[in-house]
Amino acid sequence: MKLPEMKTGNMQKSVWIILGILLVAGCGYRLEGGGYVHQNVARVGVEVFENRSNQTRAGINFTNELIREIQEETDTKVVDPANAPRRIKGRIKAITFSTLSRSSTETVLERRITALVDVQLLDADSDVLWSANNFSSFDSYLVDEDKIDDEASINEAIKIIAQRIAERLVSQMMANF
């Protein structure tokens, strides 16, 4: 099969159009930052979340996810809380478990984990600029008979919950809700 001949000018134009489309579609361009985390807060320190749950690493997970979300989605810079003009302080009030499904009265197949947190944005004098109380999210996981694998599943679910809460917190802080 023979392709129809194209004039050099038309061919160059077609190549440039195709390259342009591929470049725009494949570059993954997105706008960095979406404004400050709250009004004119250009720098903020994030304190490690106080952890009142029995899940050992939960405070660190929630803190890290909030820092990541602020850095990726806002123009606010995260700095050392000791040197910050504004601070975010969080508290994990509870992490609870409930049964979603069973194979028998004694065997649990799936559980739901729910986290409940309080978060405050404070100024230099520790006055509250913004807060969210009893902020919650949940995730489920399949129970594993192996205690080590079950702990890994619990930790993964808690990390997912921390990501969801961080996304919602930052979104609400930015919207001043």
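Each value in this text was obtained by applying a stated rule to the coordinates, not by laboratory testing. What you are looking at is a predicted structure, and each value in this text was computed from that prediction instead of being measured. Note that we place each Cβ from the backbone using ideal geometry, even for glycine, and neighbour counts take in every protein chain shown.
Per-structure values
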| read-out | value |
| --- | --- |
| Ranked packing of 114-127, 155-168, most packed first, by mean Cβ within 10 Å | 155-168, 114-127 |
| Rounded, prolate or oblate (a/c below 1.5 giving rounded, otherwise prolate when a/b exceeds b/c) for the range 33-175 by Cα gyration tensor | prolate |
| Förster-model FRET efficiency, 22 Å R0, ASP80 and ASP123, C-beta, rounded to 0.05 | 0.85 |
| Residue-span extension gain [THR96 to SER131] - 0.36 nm each, minus C-alpha spacing | 10.4 nm |
| At R0 = 30 Å, FRET efficiency that the Cβ-Cβ distance of ILE67 and ALA175 yields, to 0.05 | 0.95 |
| Length-normalised contact order of the range 33-175 in % [C-alpha pairs under 8 Å, at least 6 apart] | 25 |
